[in-house]
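Input: a single structure, listed below in structure tokens.
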Amino acid sequence: MVNFYTPTKKKLTAQKLTVTITNLDAFGQGVANHKGKTIFVKSALPDEIVDIQLTDDKKNYAKAKVIKYHNYSQQRVTPKCKYYTKCGGCELQHISSNLQQQAKYEALIKLLQKEAGAELDYKDNSPNIIADQPYHYRRRARLSINLVKGELLIGFRQAESNQIINIEHCPVLVEQLDKLLMPLQSCLRQIKQKKSLGHIELIAVDSGIILVLRHTMPLTEQDSILLKKFAEAHNISLYFHGHDLLHISGTTEHYYLINHLKLTFSPLDFIQVNSQINQKMIDKALEWLDITSDDKILDLFCGMGNFSLPMAINSQSVTGIEGVDALVEKAKINTKLNKDKIVAKTQFFTCNLEDKQQFSIWNQSKFDKVLLDPARAGAYNATAEIVKISPTKIVYISCNPATLARDCKLFIEEGYNIVKVAILDMFPQTKHIESMLLLTKSG
């Protein structure tokens with residue numbers, strides 16, 4: 001029998017240090033320097049002097065937790081959520097909105113400078129922050145369900161754990177959903193077959209509230225009647241989701257409004273969770289693209305037309321490309337639904353935007369301007385084709401700074417410049433960074 005050598009794991013020496021926090025990283029951690037090593041300190045803010053305990057000590061950096069605060073930053077605020085120290089849904093409620101936004105903006109700029117080679121100077125310019133209300137903004141949420149010693153827990157996962165924190169109120173949810181939490185819990189605790197419950201999706205849009213209950217086993221008739229009565233009493237569109245999505249009660253027409261347009265969607269379709277920022281993001285994209293009646297526009301990762309339709313109000317043509325066929329069909333339906341407001345020629349195609357062999361659907365045409373809003377994986381393959389089209393303007397909306405910087409490096413190498421950068425405060429109180437850039441062709 002062969003014996004493999006396993007090195008003994010290095011035990012972290014418990015040591016207390018006193019450091020001054022100099023700045024904040026994009027994830028809300030305080031940053032300090034001790035003997036040339038960068039230390040990331042959880043829950044510490046700039047200008048605070050703290051005693052810390054190292055929790056992870058690497059060659060080039062370390063992580064630490066605070067043992068004692070000697071003073072408090074003026075940017076420290078009282079969290080509004082009573083579950084804040086336990087719930088993993090938010091990480092930054094102890095930080096003022098201004099500092100949250102500034103830290104995210106600076107982190108994005110530095111990443112674009114380092115990884116994409118962008119020539120940007122954020123210190124001489126006011127940061128472009130597209131923000132709205134810091135609380136009660138989230139119109140869509142997924143609640144976990146867990147049964148512990150016969151007690152039904154409904155809420156979000158604990159930070160760095162799989163444990164469920166029971167949530168009766170959530171200041172991040174829009175008020176319609178926040179007010180629904182307690183009566184919903186009361187209803188679900190009357191369910192006889194609790195082990196069949198999976199998780200809950202809540203959505204609040206202009207057409208009303210949607211509740212999708214995922215279940216792992218068929219619900220009993222008694223439980224189904226109980227849930228239906230609850231939905232009817234609260235004017236909710238109720239769906240059960242086992243193997244298939246089954247409508248139980250309420251309306252089946254779901255929509256939200258943007259720019260006087262009505263966009264319909266299905267309960268499982270992706271929609272932006274922050275309606276106010278979604279509207280401001282669309283307005284900013286239209287402003288940056290400076291659309292005219294002669295423009296032919298390409299919208300990549302178009303979904304069901306969130307950007308396509310507003311751009312089609314004033315342009316000559318809009319071509320939307322999306323990888324999910326159901327969303328393409330929804331974009332076509334939404335176009336017909338708003339035909340009295342749309343002047344552009346519109347067309348939508350299904351195309352896997354990671355598969356170069358499918359690109360002939362769109363890369364053989366001439367487009368003046370391009371908008372892309374990819375998922376976290378970014379759009380590297382599509383970026384290489386966009387530069388061949390040579391549009392005068394590109395608006396890139398991103399939920400992942402790393403892939404944004406990677407893709408922008410190629411744009412810059414092909415003669416484009418980043419002329420505008422904005423942070424979209426889509427997810428206040430969290431470490432998530434949403435951003436948008438405007439790129440134009442050099443010369």
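Would you check if there is a residue in the stretch 397-406 being closer than 13 Å to LEU300 by Cβ and not charged (D, E, K, R)?
Checked the stretch 397-406: at least one residue is closer than 13 Å to LEU300 by Cβ and not charged (D, E, K, R).
A quick yes/no check of all residues on (1) out of contact with any strand residue (DSSP E or B) (no Cβ under 9 Å at 6 or more places or on another chain); (2) acidic (Asp, Glu); (3) at pLDDT 95 or above:
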residue	(1), (2), (3)
ILE165	no, no, no
MET182	yes, no, yes
GLN193	no, no, no
GLU201	no, yes, yes
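For residues that are open to solvent by less than 10 Å² (accessible area, probe 1.4 Å) and in a strand (DSSP E or B), scanning just the stretch 23-49, find the one that is nearest to SER97 (Cα to Cα).
By that ranking, first place goes to GLY30.
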Inset, instruction - Considering only the stretch 83-101, state which residues are among the polar types (S, T, N, Q) and modelled with pLDDT of 90 or more. - result: GLN93, SER96, SER97, ASN98, GLN100, GLN101
Inset, instruction - Name the strands (runs of 3 or more DSSP E) wholly inside the stretch 238-282 in which the number of residues that are under 15 Å from GLY303 (Cβ atoms) is 1 or more. - result: 255-258, 261-264
Legend entry - Count - residues of the stretch 1-24 that are touching a helix residue (DSSP H, G or I) at 6+ places or on another chain (Cβ under 8 Å) and either under 14 Å from HIS70 (Cβ atoms) or at pLDDT below 90 (or both): 0
Legend entry - Single residue of the stretch 416-443 satisfying the filter (among the small types (Gly, Ala, Ser) and at pLDDT below 95) that is most open to solvent (accessible area, probe 1.4 Å): GLY443
Legend entry - Counted residues, the stretch 50-89 - those being open to solvent by 70 Å² or more (accessible area, probe 1.4 Å), over 27 Å from the mean Cα position of the chain (by Cα) and farther than 30 Å from ASP178 by Cβ: 9
Legend entry - Residues satisfying the stated conditions in the stretch 197-233, i.e. touching a residue at least 24 places away in the same chain (Cβ under 8 Å), assigned to a helix (DSSP H, G or I) and either open to solvent by less than 20 Å² (accessible area, probe 1.4 Å) or under 21 Å from ARG142 (Cβ atoms) (or both): ASP223, LEU227, PHE230
Inset, instruction - For residues that are within 15 Å of the chain's Cα centre (by Cα) and aliphatic (A, V, I, L, M), scanning just the stretch 273-297, find the one that is most open to solvent (accessible area, probe 1.4 Å). - result: VAL273
Inset, instruction - Six or more apart or on different chains, Cβ under 6 Å: which pairs go from a residue in the stretch 151-164 that's under 25 Å from LYS192 (Cβ atoms) and touching a residue at least 12 places away in the same chain (Cβ under 8 Å) to one that's open to solvent by 50 Å² or more (accessible area, probe 1.4 Å) and assigned to a strand (DSSP E or B)? Could you list them? - result: LEU153/ASN146; ILE164/ASN146
Legend entry - Tally, over the stretch 133-161, of residues that are surrounded by fewer than 16 Cβ atoms within 10 Å (Cβ to Cβ), touching a strand residue (DSSP E or B) at 6+ places or on another chain (Cβ under 9 Å) and assigned to a loop (DSSP other than H, G, I, E, B): 1
Inset, instruction - Out of the residues in the stretch 162-183 that are in a strand (DSSP E or B) and within 22 Å of ALA204 (Cα to Cα), state the one that is most open to solvent (accessible area, probe 1.4 Å). - result: ASN166
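The values are calculated or read from the model by the stated rules, or taken from the named source; none is laboratory data. Note that the structure is predicted; figures quoted are calculated from it, not measured. No Cβ is skipped: glycine too gets one built from the backbone with ideal geometry, and neighbour counts run over all protein chains shown. Areas reflect the complete protein model, heavy atoms only, side chains present, ligands, DNA and RNA absent. Shrake-Rupley method; radii C 1.70, N 1.55, O 1.52, S 1.80 Å.
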